[in-house]
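First up is the structure itself, then whatever we jot down about it.
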Amino acid sequence: MPDVLETPIEYLKGVGSQRGELLRKELGIGTYADLLLHYPFRYVDRTHFNTVGSIREEHAPVQLRGILRQVRMVGERQARRLTAKLEDATGSIELVWFRGLRWLQPVLKEGGEYIVYGKPTLFRDRFNIAHPEVEAAATWDEGAATPLQPVYGTTEKAAAKGLNSRGIAKLVQVLLPQVNGALHETLSRSLVDQLGGLGREEAVMEVHFPQTRERLDRALKRLKFEELFFIQLQLLKQKQLMQQEVGGNVFGQVGELFNTFYAHHLPFELTGAQKRVVKEIRRDMASGHQMNRLLQGDVGSGKTLVALLCMLLALDNGFQAALLAPTEVLAQQHFRSISRFLEGLPVRVRLLTGTTKAAGRKSLLTALKAGEVHILVGTHALLEDRVVFQRLGLVVIDEQHRFGVQQRARMQAKAEVPPHVLVMTATPIPRTLAMTLYGDLDVSVIDELPPGRKPIRTVHRYDHSRNAMFAFLESEIQKGRQVYVVYPLIEESEKSDLKDVADGFESLSRRFPLPKYAVGMVHGRMTPEVKDYEMARFTKGETNVLVATTVIEVGVDVPNASVMVVENAERFGLSQLHQLRGRVGRGAEHSYCILMTGDKLGNDSRTRINTMVRTQDGFEISEVDLRLRGPGDLMGTQQSGVPQLHLADLVQDADLLQQARRTAQRLLDEDPELRHPGNALIAAALQEQMKDRAVWGRIG
Ligand code: ADP
Ligand code: MG
């Protein structure tokens, strides 16, 4: 029997081919099921109104009822807009629209009574509302019988053809009786009861046509939970399957190298967090399962050392290890610091990057295949097919967010038994996001910085106070400290950005002239040789100031650098700013981060800057970032793993997500194969969802 939910949307009464096409193209609604999943994004409480005179604050939504006055089309071309005034007994407020003018203007009648919903903003000391939703009072009152009216998302194009919120609501109204009985329950009886008792179908109906606020809340909770629960269940099931199907190399012993290094070569005591994490990883790698572990730790928390200890464990058990870094600069730095750490130990460490000369590369690859190279450090070059290991046991991936899922998979394919994988990230990911994205991985967190780190003083300065900033840099340089000045370079190919860096270099060179001072510069358009040369000069203290783009964002470690100046800080994302700031505060007594911006800042930019000034906690920063950008943007386009959520929200529903995770985990612990009759509905729904998942194990 064909599933009624899969019926093409065209067949719904009132749709037809033209609107069907519009629904598909504009709103992604192709089937009955899609329309059901097109949930309202808010509800109008028809019983409650604000008054113009009572508006006090910006951005808090208001619902007003009044007479429309002075409907005007003003401005030319780009600046063209529609304005009107809404007048009630307490005053009047300006309304303005910049888009959708053509179909809005004829709808808005001067002297007519309207209901207006929107968020007031202050402009020249007066409130106005940009792009409010409007509805004639007459049609509004018709709907007043339903106190909570759903508001559906739409587009201007769709709305112009009658598919505004009201139009969509009508379609849903037609649809609901037809799908009666087709929406199967997916949760167990006991879970449904825990969540307030509404069955799946009942809940979907309630969300589209709420009877009471209280029932609506229960329906929303149930559906959100269901969404989050099945994501968690899939991830945990996947992990379970991986562990059953894929064996892992057993690193059973802690041997000579690890012990010698630990006892005699460790330059400092490990922090408690480092010790704990090494233990977690050790246990994992000895378990007989393949390890897939995410290591989160703020910048400077000492992840490299943890990785090194794990690599030594691999070596002790007769395996090779690889360390993958996202940039040439970082790969070299890792290579140098690991070589230095291991001095005097019989471990052969080699570096392979895109710039490794052909001759050296050939002998390196031969040695690698023969097992004579123990640790291979490098960039993407490691992924090439000709890079063959004798016995690869552990892959460490640094700064994971720059590597795609496929690249991880390619690295894994380099051994018969998949190597253990340790993914390190210095960009803390909000807990909720980590849970949804990496729910199939184990997560370790280094939540403690090595002792003696001083807090970094972060300030926001405007461009016009640049001279004072320069004077401050001079005083720091005179104390023997070094300074980074970073410019935004979003696209390495953007010429205008490159010009900013070059201009910055010039003006700093003039302000800090030779021979007394030396200013260096690095950016992504330089050849690696020049870049390395410049980096090396700064590392050795031969340059006082390094003008740079974000090539220095990740991982670069120069303890004597005490000031990080970020130019056009408003153009950087929060996690980038946090990364940049992490370049200082690694040695010097006092460190500073100076965020330079123009006078005008948008709301989001201001929030970003203020957050940086307020806190140094990477996790807190990442939470703000998530709120500002949403999960998809936060992870970047490379991360395709962000699941689509219809109702739940990773910021607002964090508690529900926790609950869903715990419930899913408990369920699998108690009933690993989901065989209990009470779990039959869950098992069926899970199977249905997982059959669409082409890729099993995103990492393996
Ligand atoms: P990240 O986690 O950002 O990669 P690194 O591994 O680069 O941090 O470590 C930052 C600095 O702290 C390095 O200079 C490293 O040698 C040092 N370090 C690491 N662990 C400790 C420790 N337990 N005590 C003191 N310094 C440490
Ligand atoms: Mg690092």
_Rounded tilt (10° steps) of 528-539 against the dominant C-alpha axis of the chain_ = 80 degrees
_Length-normalised contact order of segment 335-383 in % [C-alpha pairs under 8 Å, at least 6 apart]_ = 47 percent
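Determine, for Phe251, Phe319, Phe341, the number of other Cβ atoms within 10 Å of each Cβ, and report the residues in order from fewest to most.
On the way: Phe251 27, Phe319 24, Phe341 19.
So the ranking, lowest neighbour count to highest, is Phe341, Phe319, Phe251.
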*How much length is gained on full extension from Arg69 to Gln178, taking 0.36 nm per residue of separation minus their Cα-Cα distance?*
34.9 nm
*Contact order normalised by residue count of the chain, Cα under 8 Å, 6+ apart, percent*: 12 percent
*Shape category assigned to segment 456-615 from the gyration tensor of Cα positions, a/c cut at 1.5*: rounded
_Using the Cα atoms of segment 47-143, I'd like the radius of gyration and the largest Cα-Cα distance, Dmax, both in angstrom._
12.9, 40
*Simple spin-label model, 7 Å along Cα-to-Cβ: Tyr517 to Glu589 in nm?*
2.1 nm
_Degrees between helix 603-614 axis and first principal axis of the chain (Cα, 0 to 90, nearest 10)_ = 40 degrees
*What angle do you read, to the nearest 10 degrees and between 0 and 90, between the alpha-carbon axis of helix 466-478 and the longest principal axis of the chain?*
20 degrees
*Fewest-first sequence of Met242, Met285, Met521, Met690 by Cβ atoms within 10 Å of each Cβ*: Met690, Met242, Met521, Met285
*asked:* So, R0 is 56 Å and r is the distance between the beta-carbons of Lys25 and Tyr262; what FRET efficiency does that work out to, to 0.05?
replied: 0.35
*Computed [θ] at 222 nm, helices only, for the chain once each DSSP H run of length n ≥ 4 contributes -39500 (n - 2.57)*: -12000 deg cm²/dmol
*asked:* Along the Cα→Cβ direction, 7 angstrom out, place labels at Arg56 and Asp3. What is the inter-label distance in nm?
replied: 5.1 nm
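Beyond 47 Å, what share of the Cα-Cα pairs of the chain remains, rounded to the nearest whole percent?
The proportion of pairs with Cα distances above 47 Å equals 32 percent.
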*Farthest toward the dipole's positive end in segment 456-615, which of Met596, Thr527, Leu546, given Cβ charges of +1 (Lys, Arg) and -1 (Asp, Glu) about the Cα centre?*
Met596
*Those residues of segment 66-109 whose amide nitrogen sits under 14 Å from the label point placed on Phe123, 7 Å along Cα→Cβ*: 72-76, 79-86, 93-99
*Could you give the distance between the Cα centres of segment 26-59 and segment 546-615, to the whole Å?*
39 Å
*Kindly put His464, His374 in sequence by how many other C-beta atoms sit within 10 Å of each C-beta, fewest to most.*
His464, His374
*Length gained when the stretch Glu269-Lys157 is fully extended (0.36 nm per residue, less Cα-Cα span)*: 33.9 nm
*Please give every one of the aspartates and glutamates within straight-line cross-link reach of Lys531, meaning a C-alpha to C-alpha distance under 19 Å, and leave out same-chain neighbours fewer than 8 residues apart.*
Glu328, Glu491, Glu492, Glu494, Asp497, Asp500, Asp503, Glu506, Glu542, Glu553, Asp557
*Ala359 versus Gln211, label points 7 Å from Cα toward the beta carbon: distance in nm?*
8.5 nm
_Pairs beyond 31 Å (Cα-Cα), from Lys119/Lys499; Lys279/Lys479; Lys170/Lys221; Lys157/Lys600; Lys119/Lys157; Lys303/Lys691_ = Lys119/Lys499; Lys279/Lys479; Lys157/Lys600; Lys303/Lys691
*About its Cα centre, what dipole magnitude does the chain give when the only charges are +1 on Lys and Arg Cβ and -1 on Asp and Glu Cβ, stated in debye to the nearest 20?*
1260 debye
*Peptides ranked, highest mean first, by Cβ atoms within 10 Å: ranges 125-136, 31-42, 563-574*: 563-574, 31-42, 125-136
*Please tell me the relative contact order of segment 456-615 in percent, rounded to the nearest whole number, where contacts are Cα pairs under 8 Å and at least six residues apart.*
33 percent
*Stretch gain in nm, segment Arg340-Gln240, where the contour uses 0.36 nm per residue and the Cα spacing is subtracted*: 32.0 nm
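Every number here is computed from the coordinates shown, using simple stated rules; none is lab data. Everything quoted here is computed from the prediction, not taken from an experiment. As a convention, Cβ positions derive from the backbone with ideal geometry for all residues, glycine included, and neighbour counts pool all protein chains shown.
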